[in-house]
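The values are calculated or read from the model by the stated rules, or taken from the named source; none is laboratory data. All values derive from a computational prediction rather than experimental measurement. All Cβ positions, even for glycine, are placed from backbone atoms using ideal geometry, and neighbour counts span all protein chains on display.
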Amino acid sequence: MTVKTKKKEDKRIGLFVCHCGVNIAGVVDVKKVAEALKDTPGVSMSTDYVYMCSDPGQQMIIDTIKEKHLDGIIVAACSPTLHEKTFQEAARLAGLNPYQIEIANIREQNSWVHSDKDKATKKAVKIVKSHVAKAIRNENLEPIKVDVKKRALVIGGGVSGLQAALDIADHGYEVILVEKNPSIGGKMIQLSETFPTLDCSQCILTPKMVEVSRHPRIKLLTYHEVDSVSGFIGNFKVRIKKKPRFVDEKLCNLCGECEKVCPQIVPDEFNMGLSFRKAIYMPFPQAIPGTYTLDEDHCLGLSPVRCGKCKDVCEPRAIDFDMKETIIEEEVGAIVVATGYDLYTMQALGEFGGEKYEDVVNGLEFERILSASGPTGGVVRRPSDGKVPKSVVFVQCCGSRDTEKHLPYCSKICCMYTAKHAMLYRHRVPDGQATVFYIDVRTGGKAFDEFYQRTVEEDKVLYIRGKVSKVFKEGDKLIVWGVDTLTGKKVEIEADMVVLAMAMVKTDGVQDLLKKLKISTDIHGFVAEAHPKLRPVESLNAGFFLAGCAHGPKDIPEAVSQASAAAAKVGDLFAQKELSHEPTVVPVNDELCSGCGICVTMCPYGARTLDPSKGVVDVNEILCEGCGACAAACPCGAAQQRNQTDDQIFSMLRAMLRE
Amino acid sequence: MRVKLKAGPEQRTFIDRIEELSGENVFACYQCGRCSAGCPMASEMDLLPNQIIRLVQMGLLEDVLRSKTLFLCASCFTCESRCPKGIDMARVMEAVRHILDPKGKDAFGPGEISPELAKELPQQVMVALCRKFAK
């Protein structure tokens, strides 16, 4: 939004050149820059100071604006990403519109990259001159205001999603938690014990699950999927698909009669396919909501003529074969993406035999084998014949840290969980041998390295530094070929079982959803954060927040911290009466727009749409992040970014190239 | 050649025996190499002290017993005083030497040194010789 601004000929611009200690002044003659610009048309005063961002520096700016009745200022200093906000705020305090501030970057783009003092000083003068040309053409702008819907959507019911939902609800806001599986709990509910304290995973997660299900401000939607999201920060419209459970969760009394009579036997996902369940099932005893679910894909056809045994025995008449998929619509102001991770497929590493041999398992499968609620009741037995393995080989970095063939990143948690696996195995099978192949052991984290040392020292787990070349079968043994680079010896180990620490990867099932959300991801498909250090829980797309492994590999404490941080950020958003959006957006001049739609395809934020009735482009200013891609692409000059118009950019170029 | 690392009892017995004789936990070693870095005899050794302990961890008895290192160790305890995991490497060496010569035959006795030489030799050398060659 623009407000009345003085004509450019009448403007009084002040110039403040910063030394930044020696960062700038060591290369650029700052006094000379201030002097050179003194008589430039439009500049009514110029000065220099050692640290403009310091309190006295800012005070000087505020006082000078008031004294000299300045209409705009230029601060020649560091990159605007650092202190533009600081000086905008100083201007506001002095009664000047914050959008009359120009930052001329003479540090990152000048003093830091040049050594010739004379040339660098000349370049600084040119940079500042170009900003004078722009500053006299700047308009007064006011932030765009928009209402906030104070309800949040959390996608994913693993530990991150649960924590985010609980925290937001405890802040006093309503939450809709959507989980695609029949129960909440995510991957964490499948784990046996958690490092480094060896807490039972289910024991520490189930209280949170119960709390979520009982919380008055959380609407729990399990067996639901987010179908589409439209709108913008503070004002999203969400369509959620309710998958038919075919069992009325309010009527089901968990008698289990249906399960007994169901003739269909299918691999049990909760036990990673190491045991079987029926087509009508409860994923695990502590599942929430506590209800049976009928798996449509494996049921004999949902037709009473073909089977219907479960319906016949269901006393509370909870089973309804006629349930249909339905769509519900919700309005929310913020969305937390907590969609979790998957494991890299063992197929990708054929040489380790994960596909061929039953006794080569991945980390999650071994978690189930160790778990008291697992297929073997916590006794370590190998899948092929149920024997207790006397030698187990663990292979780390399966797919991780392999830039050429697989994934370049470190999956972060495998060093710790492998140490835990080896330790727990040695506790359960005291006469068994555990051997770990590793490239590096990375156990940064509170009490993590001590845990690893305990595994080696107390439980006598043999760590072999080197990779495994292949795993093959001889009789009922698995032969592991590898190397110990510490001694330079090629080694061979007879094992009863091999556990592969498969890399953590993006969840395949949610990639379509992420596309629909138009939320940016990194090259590996993990959701990208707005800034790797300073905005780690926000998406680049306003109104979206990240929690847990959807963002990248991380352990439980880190996932929980991130979830709480994301919830706090949602709280920040909801605590505002209305939202302010940067006014430096790119509107459309209807008279110039030819309706070609090029800008619509250029916009990464979905802010631009072609209005078919008017034949011109329509802009949603709240969605526009002011990147300028459309303005650069527009062939008619109809898309002009506020305070970054074509006229301003050409004036800057002219100022810079003159002489 | 590929070395078979057996999970079997014979390897375990060797490691357990070394731990029993030395009183040290060889699995505490994380192969930082500080013992070898400071060892005054390392330049003469065919296997460095950290390699010896690594081979013990892996249960590779024969490689350890073949090494000249066992008798080049001066028992000066520099390694022990610097080990970040508190392992007394000299004691591990001593334990391996015991396994090597279990018959207890003296290869060296104080009487073999002439009184003139004995006057000049530092006491520690005498102790080290006895540690290594006498039972």
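In this structure, A:Ala334 does not qualify as of a type in the set (A, V, I, L, M, F, W, C), away from every other protein chain (no Cβ under 14 Å) and exposed (fewer than 15 other Cβ atoms within 10 Å of the Cβ). Within region A:409-433, the residues that satisfy the criterion of being assigned to a loop (DSSP other than H, G, I, E, B) and either crowded, with 17+ Cβ neighbours inside 10 Å or in contact (Cβ under 8 Å) with a residue 12 or more places away in the chain (or both) are A:Tyr409, A:Cys410, A:Ser411, A:Lys412, A:Ile413, A:Val429, A:Asp431, A:Gly432. In the set A:Lys473, A:Lys516, only one residue is assigned to a strand (DSSP E or B) and among the basic types (Lys, Arg); that residue is A:Lys473. Within region A:154-197, the set of residues being within 29 Å of A:Tyr425 (Cβ to Cβ) and of a type in the set (Phe, Trp, Tyr) comprises A:Phe195 only. Listed conditions (1) surrounded by fewer than 20 Cβ atoms within 10 Å (Cβ to Cβ); (2) outside the structural domain of A:Asp512 (by TED's automatic domain parsing); (3) touching a strand residue (DSSP E or B) at 6+ places or on another chain (Cβ under 9 Å) are all met by A:Cys252, apart from (1).
State yes or no: is A:Lys119 part of a helix (DSSP H, G or I) and crowded, with 17+ Cβ neighbours inside 10 Å? The answer is no for A:Lys119. Got at least one residue in region B:101-108 being part of a helix (DSSP H, G or I) and among the acidic types (Asp, Glu)? Scanning region B:101-108 turns up no residue that is part of a helix (DSSP H, G or I) and among the acidic types (Asp, Glu).
For region A:213-231, filtering for residues that are hydroxyl-bearing (Ser, Thr, Tyr), surrounded by fewer than 19 Cβ atoms within 10 Å (Cβ to Cβ) and over 22 Å from the mean Cα position of the chain (by Cα) leaves 1. Filtering region A:445-461 to residues that are surrounded by 17 or more Cβ atoms within 10 Å (Cβ to Cβ), within 16 Å of A:Tyr417 (Cα to Cα) and within 12 Å of chain B (Cβ to nearest Cβ) leaves A:Asp449, A:Tyr452, A:Gln453, A:Thr455, A:Val456, A:Asp459, A:Val461. When region B:8-61 is filtered for residues that are of a type in the set (Asp, Glu) and either away from every other protein chain (no Cβ under 12 Å) or not in a helix (DSSP H, G or I) (or both), the ones remaining, listed by number, are B:Glu10, B:Glu20, B:Glu24, B:Glu44, B:Asp46. Residues that are in contact with a Ser or Thr (Cβ under 6 Å, 6 or more places away or on another chain) and of a type outside the set (D, E, K, R) number at least 2 in none of the strands (runs of 3 or more DSSP E) confined to region A:239-339. Does A:Val498 count as modelled with pLDDT of 95 or more, in a strand (DSSP E or B) and within 13 Å of the chain's Cα centre (by Cα)? Against the criterion (modelled with pLDDT of 95 or more, in a strand (DSSP E or B) and within 13 Å of the chain's Cα centre (by Cα)), A:Val498 does not qualify. For A:Glu84, state whether it is surrounded by fewer than 22 Cβ atoms within 10 Å (Cβ to Cβ), acidic (Asp, Glu) and outside the structural domain of A:Lys533 (by TED's automatic domain parsing). When the stated conditions are applied, A:Glu84 passes them.
On the basis of being more than 30 Å from A:Asp646 (Cβ to Cβ), modelled with pLDDT of 90 or more and among the basic types (Lys, Arg), does A:Lys533 make the cut? Spelling it out, A:Lys533 is indeed more than 30 Å from A:Asp646 (Cβ to Cβ), modelled with pLDDT of 90 or more and among the basic types (Lys, Arg). Scanning region A:232-270 for residues that are over 24 Å from A:Leu220 (Cβ atoms) and in contact (Cβ under 8 Å) with a residue 60 or more places away in the chain turns up A:Phe232, A:Ile233. When B:Phe71 is tested against (1) within 11 Å of chain A (Cβ to nearest Cβ); (2) among the aromatic types (Phe, Trp, Tyr); (3) part of a helix (DSSP H, G or I), just one condition goes unmet, and that condition is (1).
Looking across region A:462-497, the residues that are basic (Lys, Arg) and more than 10 Å from chain B (Cβ to nearest Cβ) come down to A:Lys467, A:Lys470, A:Lys473, A:Lys477.
Here is a yes/no grid of residues against (1) within 28 Å of A:Tyr281 (Cβ to Cβ); (2) of a type in the set (Ser, Thr, Tyr); (3) in contact with a helix residue (DSSP H, G or I) (Cβ under 8 Å, 6 or more places away or on another chain):
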{"residue": "A:Ile155", "(1), (2), (3)": "yes, no, yes"}
{"residue": "A:Pro196", "(1), (2), (3)": "no, no, yes"}
{"residue": "A:Ile204", "(1), (2), (3)": "yes, no, no"}
{"residue": "A:Val238", "(1), (2), (3)": "no, no, no"}
{"residue": "A:Pro244", "(1), (2), (3)": "yes, no, no"}
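Cβ-Cβ contacts under 8 Å between residues 6 or more apart (or on different chains), taken from a first residue in region A:437-464 that is touching a residue at least 12 places away in the same chain (Cβ under 8 Å) and outside the structural domain of A:Lys554 (by TED's automatic domain parsing) to a second residue that is among the acidic types (Asp, Glu) and crowded, with 20+ Cβ neighbours inside 10 Å, are listed as A:Ile464/A:Asp484.
Looking only at region B:16-36, decide whether some residue is more than 25 Å from A:Ala434 (Cα to Cα) and surrounded by fewer than 18 Cβ atoms within 10 Å (Cβ to Cβ). Yes, some residue in region B:16-36 is more than 25 Å from A:Ala434 (Cα to Cα) and surrounded by fewer than 18 Cβ atoms within 10 Å (Cβ to Cβ). Within region A:384-402, at least one residue is over 32 Å from the mean Cα position of the chain (by Cα), more than 14 Å from every other protein chain (Cβ to nearest Cβ), free of Cβ contacts under 8 Å to residues at least 24 places away in the same chain and farther than 27 Å from B:Val3 by Cα. Counting only strands (runs of 3 or more DSSP E) that fall entirely inside region A:570-659 and contain at least 2 residues that are over 25 Å from the mean Cα position of the chain (by Cα), the qualifying elements are A:608-611, A:616-619.
Among the conditions (1) under 35 Å from the mean Cα position of the chain (by Cα); (2) surrounded by 17 or more Cβ atoms within 10 Å (Cβ to Cβ); (3) in contact (Cβ under 8 Å) with a residue 40 or more places away in the chain, A:Arg277 misses just one, which is (3).
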